[in-house]
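Below: the structure, in structure tokens.
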Amino acid sequence: MALNEKEKSCCCATDTDILKQVAAIASKWRDRPDMLIPVLHEVQKVAGNGIPKDVAVTVSREMRVPMSQIYGVETFYAFYSTEKRGKVLIRLCKSAPCHVKGAKDVLDAFEKALGVRAGETTPDGMFTLETCECIGVCDVSPAALIDDAVYGDLKPENVSELISLLRKRA
Ligand code: FES
């Protein structure tokens with residue numbers, strides 16, 4: 001299935017090289033719908049921390065999986081996004097144990113340091129700040145998942161330094 005003209009000319013269209021990488025990943029699992037979740041996980045990493053429509057269309061075509069199934073997976077699981085996100089994905093836990101240990105103050109510090117609210121991406125495309133439910137490390141709350149790494153015992157006064165480190169690493 002080829003992209004229609006509107007998708008090709010969209011200002012938000014995914015880079016051709018990235019779509020080629022997506023096709024290479026997905027084509028390895030043609031007619032294997034059981035592999036959709038790990039494929040989407042891998043694809044999301046190369047496609048800007050998200051699975052926008054042209055990326056989903058590529059996966060659908062290469063795996064021969066219906067778009068409805070892809071859409072169902074990416075909207076059911078919180079770890080997928082239908083939009084591109086920042087290069088670094090910060091997910092702050094907002095569940096009760098983290099909340100009582102000061103997660104809101106940590107979130108405020110991130111929002112202030114990054115200049116965005118939860119759910120937004122910095123204008124330079126570097127960081128997306130999100131909140132999430134328990135990530136299973138309540139013993140080190142307040143905690144966050146930053147990309148695939150867990151950060152615990154977060155303190156508002158350490159947030160700026162952490163952002164600087166993440167920026168250098170990215
Ligand atoms: S409540 Fe935050 S990690 Fe469990």
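Brief remarks on what is shown
- Residue within the stretch 63-78 that is crowded, with 20+ Cβ neighbours inside 10 Å, among the hydrophobic types (A, V, I, L, M, F, W, C), in contact with a helix residue (DSSP H, G or I) (Cβ under 9 Å, 6 or more places away or on another chain) and part of a loop (DSSP other than H, G, I, E, B) present: yes
- Of the helices (runs of 4 or more DSSP H) lying entirely inside the stretch 80-170, those carrying at least 3 residues that are more than 16 Å from the ligand (Cβ to nearest atom) and not hydroxyl-bearing (Ser, Thr, Tyr) are 103-114, 159-169.
Every read-out reported here was derived from the displayed coordinates using simple, explicitly stated rules and does not represent laboratory data. The structure presented is a predicted model; accordingly, all values stated were derived computationally and were not measured. No Cβ is skipped: glycine too gets one built from the backbone with ideal geometry, and neighbour counts run over all protein chains shown.
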